[in-house]
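Structure, as structure tokens:
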Amino acid sequence: MKHNLLMVLGPTEVERDILEVASNPQDYMRTEDYTRKWLRIFENLKYAFQTENPVVVFASSGTGSMEAAVTNVLSKGDKAIYINGGSFGKRWGDICLKHGVRTVEIPVEFGKSVEPEQVRTALEENPDTKAVFATLNETSSGALTGIKAIGGILKAYPDTLFVVDCVSGILADEFLPDSWGVDVAVSASQKAFALPPGLGFMSVSEKALKFAESADLRSFYFDIFDYVNNAKRGQTPFTPAVSLVNQLDKRLEKIRKEGLENFRARYRKNTDYLRAGLEKLGFKIIAENPANCTSAVYTTEYDASQIVSIMREKHGIEIAPSGGELKTHVFRIGNYGNIGEKEIKKCLKALEVTLKELR
Ligand code: PMP
């Protein structure tokens, strides 16, 4: 089957050595060997998340970990504030509503990052708020949220949790959950981790676990205590996605070896290179404070959805369209995973040819 170069926001291009791990025979997970593997993975995940808190692994996509975050710490009728700067911020609100959580939305203009003062005001107006939900990189616009500043405000609210979706932001942008006061952070395997989709991650603070004790939305499959208690003995409550977990083990080992700073800097260099090329072609990055690896641009000159199709059909490159009313105006390019200067050059060249064709 023909493979198109992936320059979307996940899944990503994955290096051959990691891909090959998935074709190894399956391991049985209830063994001492596999337990040792898990213990290594849990330690290395703490490094990736820059946290001392436990980080657990679900067989789910990122939305599964988002739902796990909501259901583990809240009860029906609780009140939550969520920052809505695009489809992923909105998803926090949708999950809360689905579970009968009362929501207070902080709407944020597309491409802008929330003003931390807006969060302070919302908290002052709603002192009974149980949790604030934010998104590190709002992947629909590529806007980076000032998590550190919001966490600083939340420090005055001991009865409120801070929950952050870092699905597309972790490993790409700085994220220091412990010192920034983040209680729960959720992510997934298919973005900066550059693994196949299918693993969800969640870190939980002591404070979040206290909330979980009385949360009546806690579900059977995502019960955080089952995961945290099993993780202590190097296990998971249910059958893990064995091949993906083996790939995660290798990925974390590679990240350790390269070092988080170097890993992020490599992504940053590629992002800068891509954005310089996009600017040369006349495109402006939408986000005021753009996240690493997510470049969303706005165009009125071209039909963005046509650009996406031509890139796919004539050049074998997948870039990401946008949904709804932005479909014809916004496209996004991701440089997560095994994308370097060579691939970015190829993408920019193809984009240049595409624009000529459309003119
Ligand atoms: N949050 C953010 C910020 C994302 O970018 C994504 C995936 N694009 C998700 C949540 C949802 O993840 P998934 O599609 O893996 O459920």
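Is one or more of the residues making up the range 114-128 within 15 Å of the ligand (Cβ to nearest atom) and under 26 Å from GLN50 (Cβ atoms)? The answer is yes, given that some residue of the range 114-128 is within 15 Å of the ligand (Cβ to nearest atom) and under 26 Å from GLN50 (Cβ atoms).
When we screen GLU20, GLU32, GLU43, GLU52 for residues that are surrounded by fewer than 14 Cβ atoms within 10 Å (Cβ to Cβ) and in contact (Cβ under 8 Å) with a residue 12 or more places away in the chain, the only hit is GLU52.
Would you mind listing the strands (runs of 3 or more DSSP E) fully within the range 47-130 where at least 2 residues are out of contact with any helix residue (DSSP H, G or I) (no Cβ under 7 Å at 6 or more places or on another chain)? Please lay out each step first, then the result.
On the way: elements: 55-58, 79-84, 102-107.
It comes to 102-107.
Scanning the range 161-207 for residues that are away from the ligand (no atom under 16 Å from the Cβ), of a type outside the set (D, E, K, R) and surrounded by fewer than 24 Cβ atoms within 10 Å (Cβ to Cβ) gives LEU176, SER179, TRP180, GLY181, SER205.
For the range 208-232, residues that are open to solvent by 60 Å² or more (accessible area, probe 1.4 Å) and in contact with a helix residue (DSSP H, G or I) (Cβ under 7 Å, 6 or more places away or on another chain) total 1. Can you pull out every residue in the range 79-116 that is under 29 Å from CYS293 (Cβ atoms) and either free of Cβ contacts under 8 Å to residues at least 12 places away in the same chain or of a type in the set (Gly, Ala, Ser) (or both)? The answer is ALA80, GLY85, GLY86, SER87, GLY89, LYS90, GLY93, ASP94, GLY111, SER113, GLU115. Within the range 295-309, if we keep just the residues that are assigned to a strand (DSSP E or B) and not hydrophobic (A, V, I, L, M, F, W, C), the residue that is nearest to THR139 (Cα to Cα) turns out to be SER295. Close Cβ contacts (under 8 Å, 6 or more residues apart or on different chains) running from residues in the range 198-210 that are without any contact (Cβ under 8 Å) to a residue 24 or more places away in the chain and among the hydroxyl-bearing types (Ser, Thr, Tyr) to residues that are open to solvent by 10 Å² or more (accessible area, probe 1.4 Å) and within 15 Å of the ligand (Cβ to nearest atom) are absent.
Check GLU105, GLU138 and return the single one that is within 16 Å of the ligand (Cβ to nearest atom) and among the acidic types (Asp, Glu). Let's see the steps before the verdict.
Working: GLU105 fails: within 16 Å of the ligand (Cβ to nearest atom).
Matching residue, one of GLU105, GLU138: GLU138.
In the range 263-294, the residue that is surrounded by the fewest Cβ atoms within 10 Å (Cβ to Cβ) out of those that are touching a residue at least 40 places away in the same chain (Cβ under 8 Å) and part of a strand (DSSP E or B) is ILE285.
The values are calculated or read from the model by the stated rules, or taken from the named source; none is laboratory data. The structure displayed is predicted, hence computed values, not measured ones. Because the Cβ atoms are built from the backbone with ideal geometry, glycine has one as well, and the counts that use them run over all protein chains shown. Ligands, DNA and RNA are excluded from the accessible area calculation, which covers all protein heavy atoms including side chains. Shrake-Rupley method; radii C 1.70, N 1.55, O 1.52, S 1.80 Å.
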